[in-house]
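The values are calculated or read from the model by the stated rules, or taken from the named source; none is laboratory data. All figures in this text were calculated on a predicted structure; none of them were measured in a lab. With ideal geometry, Cβ positions are generated from the backbone for all residues, glycine too; neighbour counts draw on all protein chains shown. Note: accessible area is taken over every heavy atom of the protein model, side chains too, but ligands, DNA and RNA are not part of it. Shrake-Rupley method; radii C 1.70, N 1.55, O 1.52, S 1.80 Å.
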Amino acid sequence: MAGFFGKYSAKIDDKGRLVIPSAIKSAVPADQLEFVIRKDMYSNCLEMYTKQEWANMSQAVRSKLDLAFDEDHMRYWRTYMSDTVTVVPDAKLGRITIPKEILDKAGIEKEVVFLGVDYKVEIWAKEELEGGSLSPEEFRMMGKKIAGRI
């Protein structure tokens with residue numbers, strides 16, 4: 001599993017292409033440079049997974065569902081899988097094209113921030129990222145709560 005970390009700025013060019021930062025590309029073996037991108041369920045950003053991580057995660061979710069006999073499970077799975085695309089960076093510059101309708105779901109127009117979050121990369125509209133983070137005080141309090149100190 002690739003471990004992604006760091007924050008990288010990028011711009012979408014006039015043809016709708018986006019260059020994946022080299023630090024992100026180098027975290028994935030060259031013969032496995034294929035990513036799955038979808039809208040995050042909880043935040044106004046996109047999630048980008050390696051193809052293998054996506055397969056592992058999707059299998060874990062699917063294993064909890066009864067797709068043959070539970071209509072709600074099927075509707076959930078259909079929604080979970082919708083608006084999901086596979087992208088392969090071009091060999092020359094490492095550019096990808098994310099369909100406009102998916103970019104629109106996260107409010108992404110021109111400038112983005114790639115945020116490495118261990119097993120995935122989040123892609124944020126530059127102006128949106130600040131609203132999705134904890135303040136320093138919230139971060140400290142959450143750490144204490146997680147550690148059982150509160």
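Among the residues of the range 36-55, which ones are without any contact (Cβ under 8 Å) to a residue 24 or more places away in the chain and open to solvent by 80 Å² or more (accessible area, probe 1.4 Å)?
M41, Y42
Provide a single number: the residues in the range 72-92 that are hydrophobic (A, V, I, L, M, F, W, C), within 20 Å of E122 (Cα to Cα) and assigned to a loop (DSSP other than H, G, I, E, B).
Residues flagged as hydrophobic (A, V, I, L, M, F, W, C), within 20 Å of E122 (Cα to Cα) and assigned to a loop (DSSP other than H, G, I, E, B) within the range 72-92 amount to 1.
From E122, E130, grab the single residue that is among the charged types (D, E, K, R) and in contact with a Cys (Cβ under 6 Å, 6 or more places away or on another chain).
E122
Is at least one residue of the range 66-85 open to solvent by 20 Å² or more (accessible area, probe 1.4 Å), closer than 21 Å to I12 by Cα and of a type in the set (V, I, T)?
Residues of the range 66-85 that are open to solvent by 20 Å² or more (accessible area, probe 1.4 Å), as a first pass: 66-79, 81-85.
Keeping just the survivors that are closer than 21 Å to I12 by Cα gives 83-85.
Keeping just the survivors that are of a type in the set (V, I, T) gives 84-85.
Checked against the condition, which is being open to solvent by 20 Å² or more (accessible area, probe 1.4 Å), closer than 21 Å to I12 by Cα and of a type in the set (V, I, T), the range 66-85 yields at least one hit.
Given the conditions (1) part of a helix (DSSP H, G or I); (2) over 15 Å from K120 (Cβ atoms); (3) among the aromatic types (F, W, Y), and given that F69 satisfies all but one, which numbered condition is not satisfied?
(1)
Would you please list the contacts, defined by Cβ atoms under 6 Å and residues six or more apart or on different chains, that run from a residue in the range 5-24 that is on the phi < 0 side of the Ramachandran plot to a residue that is in a loop (DSSP other than H, G, I, E, B) and of a type outside the set (D, E, K, R)?
Correct list of pairs: Y8/P21; V19/L93; V19/G94; I20/P89; I20/G94.
Determine if the range 124-143 includes at least one residue that is surrounded by 13 or more Cβ atoms within 10 Å (Cβ to Cβ) and not in a helix (DSSP H, G or I).
Looking for residues that are surrounded by 13 or more Cβ atoms within 10 Å (Cβ to Cβ) and not in a helix (DSSP H, G or I), one finds at least one in the range 124-143, hence yes.
Within the range 87-117, count every residue that is touching a residue at least 40 places away in the same chain (Cβ under 8 Å) and open to solvent by 70 Å² or more (accessible area, probe 1.4 Å).
8
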